[in-house]
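Accompanying notes for the structure given below.
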Amino acid sequence: MVYLHGLTNAVKGHIALFAAQIVYALNYSIAKGLMPDFIGPLALVFLRIFGASLLFWILSIFVKTQKVEKADMIKMVWLALFGVVINQVFFIWGLSLTHPINSAIIMVSNPIIVFIFTLIILKERITILKVSGLTLAVIGAMILLLFKGNFSFGSETKVGDLMTLINSTSWAIFVVLVKPIMQKYNTVTVMRWMFLFGSIYIIPIGLNDMMDTNWHLFTPHAIFATCFVIIATTFFAYLLNIYGLQSLSANTVSMYIYLQPFLATIFAIIMGEDKLTPIKIFSGILIICGLYLVNKKKGQSRSKITSS
């Protein structure tokens with residue numbers, strides 16, 4: 001943290017978001033095969049929420065937290081439904097019922113949904129730079145994902161695909177509506193309450209699956225993968241994403257999702273599981289350029305379109 005001293009809050013936010021995408025990208029390889037061979041989707045979500053809740057409350061012992069006003073606490077009660085429970089249940093359960101490539105393609109919709117919600121709810125202005133950046137990133141991510149092949153939207157995946165879309169919409173609602181809360185309280189204050197409420201919600205949903213899990217079948221890799229999902233993919237990733245949301249816009253936070261397939265490809269190339277091609281380089285350039293345009297300061301753009 002010493003090395004971050006002197007950096008602006010916006011730069012720290014970008015670093016946090018980039019670090020979160022690295023965790024998500026690694027998660028594809030590490031957690032692969034965890035479901036349903038070792039644990040069911042609802043049991044995994046139960047572990048994620050309870051484990052992260054415990055970690056956030058332990059962290060709150062060492063980090064100064066703030067007293068939350070009653071009205072804001074009520075908002076956190078239902079925001080936890082969107083950002084913790086619906087988000088995780090429908091993503092994990094949907095992933096178990098569809099192809100990973102389908103989920104990745106559907107998640108491309110998330111920044112688009114966030115963009116629409118910010119126009120309606122936060123009354124943000126549409127700018128040529130934002131639209132151009134979003135378009136470039138979408139194209140880059142779609143090219144990268146579609147060239148992987150092995151995907152199909154059909155009757156056998158429609159339930160899982162629909163669940164993934166609900167997950168994407170739920171996370172978009174959360175990112176947009178939690179923004180005012182994050183500007184009022186620090187990250188740990190918000191996260192410890194969100195995950196506490198999430199833990200209460202998940203008990204009737206995932207407790208039976210937890211009890212039915214055969215823990216004796218877990219291999220060392222499965223144990224490590226489960227711990228990674230709880231500690232890194234849930235606790236650290238949420239911490240980093242919400243920290244980024246304190247100083248950056250909801251659109252910016254959601255746009256970072258386009259780095260996930262790019263970073264996952266980079267890691268696969270490093271591990272010798274994939275090859276670098278001109279298409280992948282081109283896709284990466286489009287994604288990075290898209291992120292740059294969305295984050296370019298308004299003052300740097302002369303042309304703006306106000307939303308109607």
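Here is how the numbers come out for the structure above:
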{"quantity": "Any hit, region 152-175, residues being over 30 Å from residue 55 (Cα atoms), part of a helix (DSSP H, G or I) and either touching a Lys or Arg at 6+ places or on another chain (Cβ under 9 Å) or β-branched (Val, Ile, Thr) (or both)", "calculated": "yes"}
{"quantity": "Failed item, numbered, when residue 138 is tested on (1) modelled with pLDDT under 85; (2) more than 18 Å from the chain's Cα centre (by Cα); (3) of a type outside the set (Gly, Ala, Ser)", "calculated": "(2)"}
{"quantity": "Pairs where the first residue, in region 202-219, is among the aliphatic types (A, V, I, L, M) and the second is part of a loop (DSSP other than H, G, I, E, B) and at pLDDT 90 or above, C-beta under 8 Å, 6+ apart", "calculated": "217/38"}
{"quantity": "In region 86-107, the residues that are buried (at least 21 other Cβ atoms within 10 Å of the Cβ) and assigned to a loop (DSSP other than H, G, I, E, B)", "calculated": "98"}
{"quantity": "Single unsatisfied condition, residue 252 versus (1) surrounded by fewer than 18 Cβ atoms within 10 Å (Cβ to Cβ); (2) β-branched (Val, Ile, Thr); (3) in contact with a His (Cβ under 9 Å, 6 or more places away or on another chain)", "calculated": "(1)"}
{"quantity": "Members of region 54-76 found to be among the hydrophobic types (A, V, I, L, M, F, W, C) and farther than 12 Å from residue 195 by Cβ, listed by number", "calculated": "61, 62, 63, 68, 71, 73, 74"}
{"quantity": "Long-range neighbours under 8 Å by Cβ, at least six apart or interchain, first residue within 24 Å of residue 255 (Cα to Cα) and basic (Lys, Arg) within region 138-157, second part of a helix (DSSP H, G or I) and modelled with pLDDT under 75", "calculated": "148/101"}
{"quantity": "Qualifying residue in region 36-45 (condition: more than 17 Å from residue 174 (Cβ to Cβ), assigned to a loop (DSSP other than H, G, I, E, B) and hydrophobic (A, V, I, L, M, F, W, C))", "calculated": "yes"}
{"quantity": "Hey, residue 134 in a helix (DSSP H, G or I), of a type in the set (A, V, I, L, M) and more than 27 Å from residue 45 (Cα to Cα) or not", "calculated": "yes"}
{"quantity": "Qualifying positions in region 7-21 - free of Cβ contacts under 8 Å to residues at least 40 places away in the same chain and either aromatic (Phe, Trp, Tyr) or not in a loop (DSSP other than H, G, I, E, B) (or both)", "calculated": "11, 15"}
{"quantity": "Pick from region 197-216, criterion within 21 Å of the chain's Cα centre (by Cα) and not small (Gly, Ala, Ser), ranking: nearest to residue 46 (Cα to Cα)", "calculated": "202"}
{"quantity": "Top-ranked residue in region 1-55 [being farther than 20 Å from residue 93 by Cα and of a type in the set (Gly, Ala, Ser); ranked as modelled with the highest pLDDT]", "calculated": "53"}
{"quantity": "Single residue of 72, 37 found to be surrounded by 13 or more Cβ atoms within 10 Å (Cβ to Cβ), more than 19 Å from the chain's Cα centre (by Cα) and acidic (Asp, Glu)", "calculated": "72"}
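The values are calculated or read from the model by the stated rules, or taken from the named source; none is laboratory data. Everything numeric here is computed off the predicted structure, so don't read it as measured data. Neighbour counts run over all protein chains shown; Cβ positions are idealised from the backbone, glycine included.
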